[in-house]
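Encoded as structure tokens, the structure appears first; notes follow it.
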Amino acid sequence: RLPRLEKQNVKKTDTPRCINVAVVGLSGAEKEKGAVGIGKSCLCNRFMISSSDDFEDDHNSLLSNSDFSGRVVNNDNFLYWGEVMKTSEEGTEYIFRVIEQTEFIDDSTFQPFNGVKMDPYIKRCVATKIESAEKLMYICRSQLGVEEKFEQKVLPPGKFNIDGFLCVFDVSVVPGRSIEKQLETVTNILKNIKSTTKPVVLVTTKNDKLNEAYVQEVQKLVSRNEFKKAIPIVETSAYMNVNVDAAFIALAHIIDRFKGRTKIVPYLESVKNY
Ligand code: GTP
Ligand code: MG
């Protein structure tokens, strides 16, 4: 038997803390999500890139059969956005690995891929163990089909454990999607996240064109009794690059049981300092 290590002798390493995050929220065909998505991909894209030149806003989920079965999508309904290092205000270095849980739509039938065999999105998206052999990091739509022309990074092999969730809520008005629909879906997702016992932060997106009534609905939603402790809200805009890092850091702080203060600045205040 190996001698037991004395706790005080274990040297604290300086390697950054690794945090695996799943980004979730209303997804599906147009009849589910309306004319455009709620902003999961744009949030991830903004978070992963190091230069604003690399920001793209077209991450449409309509795919051909061959793109769905290519190595990036890999017949899954989630994307691996890769990993990025960020430093929090108090100086902790974190490596974030990011998964976006979405629903890909077949561009010939306009139906979700693998429709029948799957669990419904609200259940599937809260998975805490992710696996997909040799799945490549997603970079942009033009990468699909020509993967060899782009940087190739694989999802770490074996089971990939999710440490916490960013649950996205779009506070802009989108044609073909009612606020009731989004509230209902997000409520169900939050309940399912609660049963995983993993931390969650509610991230509002598209605050650059927010609807005040929607913002208030989100505030009511997170303070409902069924969630016991109110869920923190971070108000973001991927377009304006406001509060995107703050959302991920706020989640990392909860995961790490950070004892200090997590600064969460409201959108309208953040945008002034921009
Ligand atoms: P699916 O994965 O298809 O469910 O969608 P998604 O949730 O990933 O949404 P996506 O990030 O693809 O965003 C959909 C559209 O919303 C984008 O093409 C943009 O037009 C718009 N959008 C996303 N982020 C912002 C934002 O910060 N501000 C504004 N004004 N529009 C945004
Ligand atoms: Mg997307």
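Brief remarks on what is shown
- Solvent-accessible surface (1.4 angstrom probe) belonging to Tyr239, in square angstrom, nearest 10: 130
- Ligands, DNA and RNA are left out, and with a 1.4 angstrom probe the accessible area of region 91-238 is 48 Å² per residue.
- Part-to-part distance (alpha-carbon centres) for region 107-173 and region 235-259, which is given in Å: 21
- You can think of it this way: the chain between Glu184 and Glu212 has 8.2 nm of extra reach, that is 0.36 nm per residue less the Cα-Cα gap.
- Region 67-187: C-alpha gyration tensor shape, a/c 1.5 cut-off, then a/b vs b/c: oblate
- Mean residue ellipticity, 222 nm, helices only, the chain: the sum of -39500 (n - 2.57) across DSSP H runs of n ≥ 4, divided by residue count and rounded to 500, is -7000 deg cm²/dmol.
- Relative packing of 45-57, 123-135, which averages over residues the other C-beta atoms within 10 Å, highest first: 123-135, 45-57
- Solvent-accessible surface of protein heavy atoms, probed at 1.4 angstrom with all chains present, puts Ile99, Ile139, Ile249 in the order Ile139, Ile249, Ile99, largest first.
- In summary, the lysines within cross-link reach of Lys229, defined as a Cα separation below 20 angstrom excluding same-chain residues under 8 places away, comprise Lys191, Lys194, Lys198, Lys220, Lys259, Lys263.
- Cα pair distances exceeding 24 angstrom across the chain, given as percent: 49
- Among 144-151, 223-230, 194-201, the order from most to least packed when residues are scored by Cβ within 10 Å on average: 194-201, 144-151, 223-230
- Cα shape, region 119-194, gyration tensor, a/c 1.5 rule: oblate
- The slack in the chain from Gln219 to Lys86, taken as 0.36 nm per residue of separation less the alpha-carbon distance, amounts to 45.1 nm.
- DSSP-defined beta bridges in region 166-274 - what % are antiparallel, rounded to 5: 10
- Mean separation of Cα contacts under 8 Å, 6 or more apart, over the residue count of the chain: relative contact order %: 21
- Candidate lysines for bridging to Lys153, where Cα separation is under 26 Å - those fewer than 8 sequence places away on the same chain excluded: Lys40, Lys86, Lys129, Lys135
- Per-residue 3J(HN,Hα) values for region 256-266, derived from phi via the Karplus relation 6.51 cos²θ - 1.76 cosθ + 1.60 with θ = phi - 60°, read 7, 6, 4, 8, x, 9, 8, 7, 10, 9, x Hz in sequence order (x marks Gly and Pro).
- Estimated FRET transfer efficiency when R0 is 30 angstrom, pair Lys228-Ala35 (beta carbons, to 0.05): 0.25
- Antiparallel %, DSSP beta bridges [both residues in the chain], to 5: 40
The values are calculated or read from the model by the stated rules, or taken from the named source; none is laboratory data. Given the structure is predicted, the values throughout are model-derived calculations rather than measurements. Because the Cβ atoms are built from the backbone with ideal geometry, glycine has one as well, and the counts that use them run over all protein chains shown. Surface areas here come from the heavy atoms of the whole protein model, side chains and all, with no ligands, DNA or RNA. Shrake-Rupley method; radii C 1.70, N 1.55, O 1.52, S 1.80 Å.
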